[in-house]
Amino acid sequence: MAHHDGRFAPSPSGPLHLGNLRTALVAWLRARSTGGRFLMRVEDLDRGRSRPEHEASQLRDLAALGIDSDGEIVRQSDRDDAYADAVRRLADLGLVYPCWCTRAEIREAAGAPHADAPEGAYPGTCAHLDAAARAAHEERGRPAALRVRAEGVRQSAHDAVLGELSAVVDDFVVRRGDGGFAYNLAVVVDDAWQDVGEVVRGDDLATSAPRQAWLAEALGHAPPTYLHVPLVLGPDGRRLAKRDGAVTLADRAALGEDAVAVRSQLAASLGLCGPGDRPSPEELVARFEVDHLRGVVPLRWDPVAGPLV
Ligand code: GLU
């Protein structure tokens, strides 16, 4: 069986909840069950929302579940030089252009997008400005974001469960007007640099896979394959969140449930054990196959009936 070198890449903007933990468990099981490496990356690109105490609690919770990782933990806040390099490479290839649009302008102009373009796609307003229009924007002094020039190309990415993910790539942002690097850029640069073979993450990001695969190719990297895991939803059908009650490991511990019990519930929700069993991490690794994810639907968490099963 092919090795799947994987990773978990949480943003340290709050404690991990049961949905994040289930995705982490799947990512770890997928890597370990195929003899692959498992890497940790702290996605603290958003300096305003990232907190060291959240990073510490996230890493503690993963360790408590038995999720170990290989090598040094990578932090995106240490990687600005690599992101700047990648933007320079794209600029050299003529694959970025400055964009002065405000969010409101994009919303307005996006009324009549490209027939095939994804929802929320950039309508291309700044893609073909002439020199005079550019100079006028520059004179006004508002800093420009940088967008890729994807020319409405269609791109596929491969998902181990969902199959071919194919979409038109819009001209997404790689560097914001304030100089900060965008998630889509950082994730592609880091997955390539860490040699991640398969990206396992929540299926809310499945629509980003074609964009990211396109960017990887543009930067000269073989894109990873993907495995998007169905999210855990709260009782209201929205993605699980703090508002849904006792959804973190600390919340569950306060109710008398230890990390092993939570891991078992997560594993039971994937069909890896029965309710009430307490398999070890090694037993879970031995049992896990990607087929466990086929037919796994977004899971509704019921705070009254109990978590996840
Ligand atoms: N940092 C992202 C999040 O916490 C995940 C990005 C990814 O896995 O590609 O939602």
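Between A64 and D204, full extension at 0.36 nm per residue minus the direct alpha carbon distance yields a gain of 47.8 nm. Using only Cα atoms, tell me the angle between helix 259-269 and the longest principal axis of the chain; keep it within 0 to 90° and round to the nearest 10. It works out to around 70 degrees. As a rough footprinting exposure proxy, the listed residues V189, V200 were ranked by other beta carbons within 10 Å of their own, and the order from fewest upward is V189, V200. The slack in the chain from V260 to E72, taken as 0.36 nm per residue of separation less the alpha-carbon distance, amounts to 65.1 nm.
Distant-in-sequence amide contacts of V200, defined by a placed amide H-H separation under 5 Å and a gap of 5 or more residues or a different chain, comprise R7, L227. Taking 4.7 Å between C-beta atoms as the pairing limit, the chain has these partnerless cysteines: C101, C273.
The simple spin-label model puts a point 7 Å past each Cα toward its Cβ; for K242 and S156 those points are separated by 4.2 nm. Can you classify the range 1-83 as rounded, prolate or oblate using the Cα gyration tensor, where a ≥ b ≥ c are the square roots of its eigenvalues, rounded means a/c under 1.5, and otherwise it's prolate if a/b beats b/c and oblate if not? Note, shape of the range 1-83 comes out oblate. With viscosity 1.567 mPa s and temperature 4 °C, the Kirkwood radius over alpha carbon pairs of the chain converts through Stokes-Einstein to a diffusion coefficient of 62 µm²/s.
Gaussian network model of the chain, Cα springs within a sub-10 Å range: biggest mean-square fluctuation belongs to which of L90, L227, L29? Of L90, L227, L29, the most mobile in the Gaussian network model is L90.
Sparse packing (at most 14 other Cβ atoms within 10 Å of the Cβ) combined with a DSSP loop state is found for the following trypsin sites (Lys or Arg not before Pro) in the range 216-268: R238. Looking at the range 116-206, the GluC sites (Glu not before Pro) that sit in a DSSP loop and have at most 13 other Cβ atoms within 10 Å of their own Cβ are E119, E151.
Built from the Cα atoms of the range 171-210, the convex hull projects on average onto 3.5 nm², one quarter of its surface area. Please say if the range 12-165 is rounded, prolate or oblate, where rounded means a/c under 1.5 for a ≥ b ≥ c the square roots of the C-alpha gyration tensor eigenvalues, and otherwise the choice is prolate for a/b larger than b/c and oblate otherwise? In terms of gyration-tensor shape, prolate.
With runs of 4+ DSSP H residues as the only contributors, calculate the mean residue ellipticity of the chain at 222 nm using -39,500 (n - 2.57) per run, divided by the residue total and rounded to the nearest 500.
One gets -10000 deg cm²/dmol as the mean residue ellipticity at 222 nm.
For the range 82-93, backbone phi angles converted through the Karplus equation (6.51, -1.76, 1.60; θ = phi - 60°) give residue-by-residue couplings of 5, 5, 5, 4, 5, 5, 4, 4, 5, 5, 4, 7 Hz, Gly and Pro being listed as x. This model, with +1 at the C-beta of Lys and Arg and -1 at the C-beta of Asp and Glu, gives the chain a dipole about its Cα centre of some 480 debye. In terms of its C-alpha gyration tensor, the range 36-84 has an oblate overall shape, because the principal axis ratio a/c (a ≥ b ≥ c, square roots of the eigenvalues) is not below 1.5 and a/b does not outweigh b/c. FRET efficiency for the E283 to H3 pair, using the beta carbon distance and R₀ = 25 Å, is estimated at 0.75. For D44, the amide hydrogen comes within under 5 Å of the amide hydrogens of Q76, S77, counting only partners 5 or more places away or on other chains and with H modelled in the peptide plane.
The angle between the Cα long axis of helix 209-218 and the longest principal axis of the Cα atoms of the chain comes to about 60 degrees, rounded to the nearest 10.
For a quick check: with amide H placed at 1.01 Å from N, whose amide H comes under 5 Å from V96's, ignoring anything fewer than 5 positions away on the same chain? Long-range HN contacts for V96: R149. Projected label points at S13 and D251, each 7 Å from Cα along the beta carbon direction, are separated by 1.8 nanometres. Applying 1/(1 + (r/R0)^6) with r as the Cβ-Cβ distance of R88 and A132 and R0 = 35 angstrom yields a FRET efficiency of 0.85. Once the Cα atoms are used to define both axes, helix 183-193 deviates from the longest principal axis of the chain by about 70 degrees.
Round to the nearest 0.05 the FRET efficiency obtained for E105 and E53 when R0 = 30 Å and r is the Cβ-Cβ distance. Step by step, r from the Cβ atoms, then E = 0.20.
Scaling against 2.2 N^0.38 Å puts the C-alpha radius of gyration of the range 81-218 at 1.08. Take every Cα pair under 8 Å whose residues are at least 6 apart in sequence, average their separation, divide by the length of the chain, and the relative contact order is 19 percent. Counting only the Cα atoms, the range 177-281 fills a convex hull of 170 Å³ per residue. For the residues R176, R103, R79, a GNM of the chain with alpha-carbon springs under 10 Å puts the largest fluctuation on R103.
No lab work stands behind these numbers, since they all come straight from the coordinates. Keep in mind it's a predicted model, so treat the numbers as computed, not measured. Heads up, the Cβs are rebuilt from the backbone with ideal geometry, glycines too, and the neighbour counts pull from every protein chain shown.
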